[in-house]
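Read-outs throughout are calculated quantities, based only on the coordinates presented, and are distinct from any laboratory measurement. Given the structure is predicted, the values throughout are model-derived calculations rather than measurements. Cβ sites come from the backbone with ideal geometry, for glycine too, and all protein chains shown count toward neighbours.
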């Protein structure tokens, strides 16, 4: 219920900001509309496959020319490079208690389609060490494939 109320207030706030006069004008988009729930479902399905370590299925969601901007400031390009990264990093850990706080599908005034995701989970390493994280991710689509991802994360005290 708390998440529903948060999403409602966020949605109302976003809708009301479309008519506001901002101090700083957006350089990328200044208006957007709510997008398709099907894009949210694609991102959620991809996350299910990452968590279950089914990287062949993950590949089905990625555009050949995809770019990932990761939370450590690094960037990588290309489907095969990103799949290798995912296999190397995520196969050495388990993701527990995965939860989504917010997911919004938006379409910019230029036609770009995005899914904005705020999620969190507990990560367990090969040695059994547990750490909780919260992420903010933005996924840009070309058709039904993710062509760009921007990620931020922070550790969460347990």
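Numbers for the structure displayed
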read-out: Sum of -39500 (n - 2.57) over DSSP H runs of 4+, divided by residues of the chain (222 nm, nearest 500); value: -9500 deg cm²/dmol
read-out: Fraction of beta bridges assigned by DSSP in the chain that are antiparallel (%, nearest 5); value: 90 percent
read-out: Rough spin-label spacing in nm, given labels placed 7 Å along Cα→Cβ, for residue 94 and residue 122; value: 1.0 nm
read-out: Per residue Cα convex hull volume in Å³ - calculated over the stretch 31-156; value: 107 Å³
read-out: Among 58, 106, 124: highest mean-square fluctuation, GNM of the chain, C-alpha pairs under 10 Å; value: 124
read-out: Extended-chain gain in nm, criterion 0.36 nm per residue less alpha-carbon gap, residue 145 and residue 37; value: 37.4 nm
read-out: Förster-model FRET efficiency, 25 Å R0, residue 158 and residue 54, C-beta, rounded to 0.05; value: 0.35
read-out: Rounded tilt (10° steps) of 79-90 against the dominant C-alpha axis of the chain; value: 60 degrees
read-out: Length gained when the stretch residue 69-residue 135 is fully extended (0.36 nm per residue, less Cα-Cα span); value: 22.5 nm
read-out: Relative contact order (percent, whole number), the chain, Cα cutoff 8 Å, 6+ residue spacing; value: 23 percent
read-out: Fluctuation leader among 127, 81, 27 - the chain, Gaussian network, Cα springs under 10 angstrom; value: 27
